[in-house]
Amino acid sequence: MANPKTDYAVTIFTAETYPSVAGDGRNALLIGTKLKERGYGVRLVCLNPNGKLPKFEIINGVEIKRLHYNHNSLLGRITFRFNLLRFLAFQCDGNSKWIVYGAMPGYRAIITLSILKGAKCVFRSTLWGFDDAESLVGKPYRVFTRFVLKKLYGYYALNFWFARSWQKVFGDFNILQAFQGVDIKKYDIKIKNEIRQQLRDRLKITSDCFVILMVGHLIERKGFPEIADWLSRIEEDFLLLHVGSTEAPEWDTMSRYNTEMEKIKKHIVNSLGRKVKFMGRAENIADFYLSADILLVASYAEGYPPNSLNEALAAGLPALTRRIEGVADVMTDGVNGYVFSDEHEFTRKLSTLIHNPIRRIELGRNARIFAKDKLDVEKVTDKIQNFLGL
């Protein structure tokens with residue numbers, strides 16, 4: 001009989017290949033780390049695009065198993081699903097609790113095997129319009145998809161919209177509604193102003209420059225290039241600091257967007273010139289939250305709230321974010337940041353943030369209070385632990 005304190009009490013499946021960097025894998029590693037600190041065995045099962053990453057790795061005591069995934073060919077995608085089925089059949093214990101992060105390749109196979117093995121399996125949507133309930137059952141194989149999803153032990157909803165969509169499709173269901181969570185202690189920084197100046201000196205940014213931070217891949221879903229066009233029509237002085245992929249490596253499935261990202265980057269440079277700085281991927285993301293004045297979230301769709309917003313609020317950084325599904329769960333307009341729907345509203349609220357530093361301090365203080373109360377990963381892990389019956 002499995003021992004939940006030594007064997008895999010929880011197995012998390014996520015498409016992200018390098019969970020210490022970004023995305024759902026980053027959150028999966030954070031949750032896994034917290035469960036591991038509480039004495040539970042945790043394993044992450046991820047994709048390994050083109051076999052460029054280690055097949056096995058341990059980070060923060062969490063075991064990470066990567067399965068080869070050649071997403072550039074039909075044969076490669078078929079082979080991955082065969083290997084996934086074999087892995088599930090022989091190496092995944094029915095006594096473990098399974099969490100599936102979104103409609104990753106093979107997610108139906110994972111859920112099906114969990115049913116056959118009698119494992120408690122929870123599905124967590126990752127992106128509105130992609131793997132919310134209504135989007136999932138509207139895709140090919142929707143009859144089978146609906147069947148296996150109905151058999152899940154439970155559903156993990158990041159916000160009210162995800163929960164409502166699931167209930168609309170499946171009726172009464174075992175639903176956990178909780179945010180992704182952020183490591184609040186990481187942002188308990190007492191000498192923030194001193195560190196901020198040091199970081200700005202290192203980045204060669206003057207102390208009086210208004211810095212707008214954007215975090216994420218340079219893709220259309222994140223609001224590009226539209227948001228650059230809006231910014232180009234603003235007369236105030238500012239610097240747009242972008243942290244994230246502008247060209248993804250081969251081990252990242254985002255590499256299929258490299259042509260799109262290259263085109264968008266050229267457009268932004270032509271639009272903003274000296275007012276934009278691209279930092280690329282960064283693991284020391286906390287430095288950028290501390291050096292910026294606001295976080296800008298221009299995405300057309302997210303699994304709201306994204307990691308970047310969680311971390312910014314935890315760092316006491318006010319956010320200016322597009323009004324999309326899930327925003328109202330986190331952002332209260334004029335309290336912990338501002339929300340916009342169109343260019344006029346965006347320009348007006350950004351101007352308020354630029355010209356009113358006292359207001360920014362107030363919003364940042366409220367952002368930090370909200371993060372400590374609602375986003376603390378310890379509290380989120382408590383909810384997940386209780387939901388799974390650990």
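The values are calculated or read from the model by the stated rules, or taken from the named source; none is laboratory data. Note that the coordinates shown come from a computational prediction; the quantities given were computed from them, not determined experimentally. In this analysis, Cβ positions are derived from the backbone assuming ideal geometry, glycine residues included, and neighbour counts consider all displayed protein chains. Ligands, DNA and RNA are stripped out before the accessible areas are found, and what is left, the full protein with its side chains, is counted by its heavy atoms. Shrake-Rupley method; radii C 1.70, N 1.55, O 1.52, S 1.80 Å.
Only one of 251, 230 is open to solvent by less than 60 Å² (accessible area, probe 1.4 Å) and touching a Leu at 6+ places or on another chain (Cβ under 6 Å). Can you tell me which?
251
Residues 315, 367: which one is modelled with pLDDT of 95 or more and of a type outside the set (Asp, Glu)?
Within the list 315, 367, the selection yields 367.
Can you tell me which residue within the stretch 357-384, out of those that are touching a helix residue (DSSP H, G or I) at 6+ places or on another chain (Cβ under 7 Å) and over 30 Å from residue 231 (Cβ atoms), is most open to solvent (accessible area, probe 1.4 Å)?
By that ranking, first place goes to 372.
Might you check whether a residue that is on the phi < 0 side of the Ramachandran plot, within 23 Å of the chain's Cα centre (by Cα), open to solvent by less than 60 Å² (accessible area, probe 1.4 Å) and of a type outside the set (Val, Ile, Thr) occurs anywhere in the stretch 75-96?
No - not one qualifying residue is present in the stretch 75-96.
Run down 222, 190 and say which single residue is touching a residue at least 24 places away in the same chain (Cβ under 8 Å) and within 30 Å of residue 356 (Cβ to Cβ).
Only one candidate qualifies: 222.
Go through the residues of the stretch 211-224 one by one and say whether even a single one is more than 22 Å from residue 284 (Cα to Cα) and hydrophobic (A, V, I, L, M, F, W, C).
Yes, the conditions are met somewhere in the stretch 211-224.
I'm checking my understanding of the structure. Among residues of the stretch 262-279 that are among the aliphatic types (A, V, I, L, M), more than 9 Å from residue 225 (Cβ to Cβ) and in contact with a helix residue (DSSP H, G or I) (Cβ under 8 Å, 6 or more places away or on another chain), which one is most open to solvent (accessible area, probe 1.4 Å)?
Step by step, filter the stretch 262-279, then rank; the result is 279.
I'd like to check something: does the stretch 343-351 contain any residue that is more than 30 Å from residue 160 (Cα to Cα), open to solvent by 10 Å² or more (accessible area, probe 1.4 Å) and without any contact (Cβ under 8 Å) to a residue 40 or more places away in the chain?
No: zero hits.
Specify which of the listed residues (236, 250, 283) is at negative phi, in contact with a helix residue (DSSP H, G or I) (Cβ under 6 Å, 6 or more places away or on another chain) and at pLDDT below 95.
The match here is 236.
Scanning the stretch 293-331 for residues that are without any contact (Cβ under 8 Å) to a residue 24 or more places away in the chain and farther than 23 Å from residue 378 by Cβ, which turns out least open to solvent (accessible area, probe 1.4 Å)?
327
Residue under question is residue 354, and the condition is that it be in a loop (DSSP other than H, G, I, E, B) and open to solvent by less than 60 Å² (accessible area, probe 1.4 Å); does it hold?
Against the criterion (in a loop (DSSP other than H, G, I, E, B) and open to solvent by less than 60 Å² (accessible area, probe 1.4 Å)), residue 354 does not qualify.
Residue 196 - would you say it is open to solvent by 40 Å² or more (accessible area, probe 1.4 Å) and over 26 Å from residue 330 (Cβ atoms)?
no
Could you identify the single residue in 50, 27 that is touching a helix residue (DSSP H, G or I) at 6+ places or on another chain (Cβ under 8 Å) and either surrounded by 15 or more Cβ atoms within 10 Å (Cβ to Cβ) or at pLDDT 90 or above (or both)?
27
Out of the residues in the stretch 248-302 that are polar (S, T, N, Q) and in contact with an Asp or Glu (Cβ under 7 Å, 6 or more places away or on another chain), state the one that is farthest from residue 358 (Cα to Cα).
258
Can you tell which of 181, 154 is open to solvent by less than 20 Å² (accessible area, probe 1.4 Å), modelled with pLDDT of 95 or more and not aliphatic (A, V, I, L, M)?
Answer to the check: 154.
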